[in-house]
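Heads up, the thing below is written out as structure tokens.
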Amino acid sequence: MADHESLKTELEAATFRRLLHHLMEARPDVQNIDMMNLAGFCRNCLSRWYQEEAAERGLELSKDGAREIVYGMPFEDWRAEHQAEASAEQKAAFEVSFAQNVGKA
């Protein structure tokens, strides 16, 4: 039987894979801007966190590579298939949410 930390890591990894599946397969209709405005993170945040965690472990992973892992396809393909134009209200709310949750870019 795996030790507690190994089991915890396995469960966390499985949960993350399930989250990605849910976002990409079950709910690709949910727009990143809405996720960001409501929850303070989106698929792009997940890919950035993935890239940052790789870097922490000495692994080089490009922004596009991390996005492909999270989106399950090249980002531009996902964007063409699933991303809708954001309204002025969504864009305004995003500016606030991004500043609060990600910081000034």
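A few comments on the model shown:
- Any chance residue 63 is of a type in the set (Lys, Arg) and under 12 Å from the mean Cα position of the chain (by Cα): yes
- Some residue of the stretch 27-48 being among the charged types (D, E, K, R), within 20 Å of residue 98 (Cβ to Cβ) and open to solvent by 70 Å² or more (accessible area, probe 1.4 Å): yes
- Given (1) in contact with a helix residue (DSSP H, G or I) (Cβ under 8 Å, 6 or more places away or on another chain); (2) touching a residue at least 12 places away in the same chain (Cβ under 8 Å); (3) not hydroxyl-bearing (Ser, Thr, Tyr), index of the condition residue 60 fails: (2)
- One residue stands out among those in the stretch 23-65 that are within 19 Å of residue 94 (Cβ to Cβ) and among the aromatic types (Phe, Trp, Tyr): the one that is modelled with the highest pLDDT, which is 49.
- Checked against the criteria, residue 102 does not count as closer than 20 Å to residue 13 by Cα, in contact (Cβ under 8 Å) with a residue 40 or more places away in the chain and open to solvent by less than 90 Å² (accessible area, probe 1.4 Å).
- When the residues of the stretch 72-90 are filtered to those that are in a loop (DSSP other than H, G, I, E, B) and polar (S, T, N, Q), the one that is least open to solvent (accessible area, probe 1.4 Å) is 87.
The values are calculated or read from the model by the stated rules, or taken from the named source; none is laboratory data. Quantities reported herein were computed from a predicted structural model and do not represent experimental measurements. Because the Cβ atoms are built from the backbone with ideal geometry, glycine has one as well, and the counts that use them run over all protein chains shown. The accessibility values were calculated without ligands, DNA or RNA, using every heavy atom of the protein model including side chains. Shrake-Rupley method; radii C 1.70, N 1.55, O 1.52, S 1.80 Å.
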